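Student: Dropping a structure here in structure tokens format, bear with me for questions.
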Amino acid sequence: MARVALVTGGMGGLGEAVCIKLAALGYRVVTTYSPGNTKAPEWLASMKNLGYDFHAFPCDVADYDSAQQCVATVEKEIGAVDVLVNNAGITRDMTFKKMDKPNWDAVMRTNLDSVFNMTKPVCDGMVERGWGRIINISSVNGQKGAFGQTNYSAAKAGMHGFTKALALEVARKAVTVNTISPGYIGTKMVMAIPKEVLDSKIIPQIPMARLGKPEEVAGLVAYLASDEAAFVTGANIAINGGQHMY
Ligand code: CAA
Ligand code: NAP
């Protein structure tokens, strides 16, 4: 039976590429969308036209109860989750001087609490079955910090702390937990950056002088999800065109 991969935020730029890659490799791919996202049926139809039969369920990853309910529905309707990709995320960029509590909280809840909310209902099952993959999509800005992103950089750095601690706890049961830290990838999240800031401050810092492609990140997700990656755990893998080396 094909493995089940649950990708949060699969209708976004990066998530869509991950869903397509995993489906092409034979996984049964399930994704989530925000409960208020009215474009989900349209996205599913467009994917079906391309030959991808994805399952999608509403889920506010920032909300614990919503996440538990979503995973329960996935397990009932599709099957136990073998691969979890914690991909859903948001930015609320502003300098710290302007940062207010709602924008701090929104990013911490959506980008960091979500990792707990989604991993909690799938992890015990992976351990019991003796196989699992948890892949957390962090960011270069969690590694190096970014102007205007105290909230986002804190949440993304926190994801990797979670990865390392959980990786220790589940390693003996062949469950791996890893972080991917992409640099700037050409999705709508990056297109929201003011063009003059992108052109003058960000692209010049990327030795490859271009944005990354969602498919490039999807290839790394596919590797970490595979059997070949069984010995990789607790890692934070950078994919950033040389922007940050450590
Ligand atoms: N580095 C250095 N200086 C910067 C800067 C940067 N990255 N971004 C802005 N500044 C400077 C501006 O040049 C400006 O300088 P002056 O006052 O000397 O002119 C000053 O900061 C204020 O800038 P703004 O006028 O733009 O101020 P603002 O309050 O309207 O906006 C901002 C500030 C929200 C930080 C805005 O500049 C911005 O959105 N910057 C981009 C932030 C960013 O890189 N976000 C990443 C999003 S993509 C992502 O997060 C995906 C991922 O994981 C990689
Ligand atoms: P995107 O196109 O804006 O997609 C974000 C996705 O997250 C959307 O599918 C969105 O779903 C979902 N989402 C947001 N809030 C949610 C919530 N509360 N509950 C459920 N789903 C929610 O962004 P992207 O560029 O693909 O980013 C995907 C991930 O990669 C994020 O975690 C981001 O931080 C990370 N990342 C991106 C870059 C980059 O340069 N693009 C770089 C490094 C890391 P709805 O549309 O249904 O709300």
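Student: How many of the residues making up segment 132-152 are crowded, with 16+ Cβ neighbours inside 10 Å, more than 15 Å from the chain's Cα centre (by Cα) and of a type outside the set (Val, Ile, Thr)?
Tutor: Final tally of qualifying residues: 7.
Student: Which one is farthest from ligand 1 (Cβ to nearest atom) among residues in segment 78-87 that are of a type in the set (A, V, I, L, M, F, W, C) and out of contact with any His (no Cβ under 6 Å at 6 or more places or on another chain)?
Tutor: The qualifying residue farthest from ligand 1 (Cβ to nearest atom) is ALA80.
Student: Just checking, how many residues over segment 88-121 are within 12 Å of ligand 1 (Cβ to nearest atom) and either of a type outside the set (Phe, Trp, Tyr) or within 14 Å of the chain's Cα centre (by Cα) (or both)?
Tutor: The number of residues fulfilling the criteria is 13.
Student: Another one. From the set of residues in segment 1-28 that are away from ligand 2 (no atom under 14 Å from the Cβ) and free of Cβ contacts under 8 Å to residues at least 60 places away in the same chain, which is surrounded by the most Cβ atoms within 10 Å (Cβ to Cβ)?
Tutor: ALA23
Student: Return a yes/no flag: does segment 19-36 have any residue that is part of a strand (DSSP E or B), closer than 23 Å to VAL122 by Cα, aromatic (Phe, Trp, Tyr) and under 20 Å from the mean Cα position of the chain (by Cα).
Tutor: Scanning segment 19-36, I find at least one residue that is part of a strand (DSSP E or B), closer than 23 Å to VAL122 by Cα, aromatic (Phe, Trp, Tyr) and under 20 Å from the mean Cα position of the chain (by Cα), so the answer is yes.
Student: Restricting segment 137-149 to residues that are among the polar types (S, T, N, Q) and not in a helix (DSSP H, G or I), which is nearest to ligand 2 (Cβ to nearest atom)?
Tutor: Step by step, filter segment 137-149, then rank; the result is SER139.
Student: A further question follows. Could you say which residue among ALA218, ALA157, ALA174 is touching a helix residue (DSSP H, G or I) at 6+ places or on another chain (Cβ under 9 Å), on the phi > 0 side of the Ramachandran plot and not β-branched (Val, Ile, Thr)?
Tutor: Result: ALA174 is the single residue among ALA218, ALA157, ALA174 that is touching a helix residue (DSSP H, G or I) at 6+ places or on another chain (Cβ under 9 Å), on the phi > 0 side of the Ramachandran plot and not β-branched (Val, Ile, Thr).
Student: Determine if segment 32-43 includes at least one residue that is closer than 27 Å to ASP227 by Cα and at pLDDT 95 or above.
Tutor: Within segment 32-43, one or more residues are closer than 27 Å to ASP227 by Cα and at pLDDT 95 or above.
Student: I've got another one for you. Among the residues of segment 45-56, count how many are within 14 Å of GLY12 (Cα to Cα) and surrounded by fewer than 18 Cβ atoms within 10 Å (Cβ to Cβ).
Tutor: So the count comes out to 1.
Student: Only one of VAL71, VAL61 is in a loop (DSSP other than H, G, I, E, B), buried (at least 23 other Cβ atoms within 10 Å of the Cβ) and either away from ligand 1 (no atom under 16 Å from the Cβ) or at pLDDT below 95 (or both); which?
Tutor: VAL61
Student: Determine if segment 198-213 includes at least one residue that is among the small types (Gly, Ala, Ser), at pLDDT 95 or above and touching an Asp or Glu at 6+ places or on another chain (Cβ under 9 Å).
Tutor: No, segment 198-213 has no match at all.
Student: In addition: Could you please give the count of residues in segment 91-136 that are of a type in the set (A, V, I, L, M, F, W, C), over 19 Å from LEU6 (Cβ atoms) and part of a helix (DSSP H, G or I)?
Tutor: Residues flagged as of a type in the set (A, V, I, L, M, F, W, C), over 19 Å from LEU6 (Cβ atoms) and part of a helix (DSSP H, G or I) within segment 91-136 amount to 4.
Student: Checking the structure you have, find out if any residue of segment 201-211 is over 23 Å from ILE90 (Cα atoms) and touching a helix residue (DSSP H, G or I) at 6+ places or on another chain (Cβ under 7 Å).
Tutor: yes
Student: Which residue is surrounded by the most Cβ atoms within 10 Å (Cβ to Cβ), if the candidates are limited to segment 97-128 and must be free of Cβ contacts under 8 Å to residues at least 60 places away in the same chain and under 12 Å from THR8 (Cβ atoms)?
Tutor: ASN111
Student: Can you pull out every residue in segment 158-213 that is closer than 18 Å to ASN240 by Cα, part of a loop (DSSP other than H, G, I, E, B) and within 15 Å of ligand 2 (Cβ to nearest atom)?
Tutor: Of everything in segment 158-213, those that are closer than 18 Å to ASN240 by Cα, part of a loop (DSSP other than H, G, I, E, B) and within 15 Å of ligand 2 (Cβ to nearest atom) turn out to be GLY183, TYR184, GLY186, THR187, ILE193, ILE206, MET208, ARG210, LEU211, LYS213.
The values are calculated or read from the model by the stated rules, or taken from the named source; none is laboratory data. What you see is a predicted model, and the numbers here were worked out from it, not measured in a lab. Cβ coordinates were reconstructed from backbone atoms using ideal geometry, including for glycine residues, and neighbour counts include every protein chain displayed.
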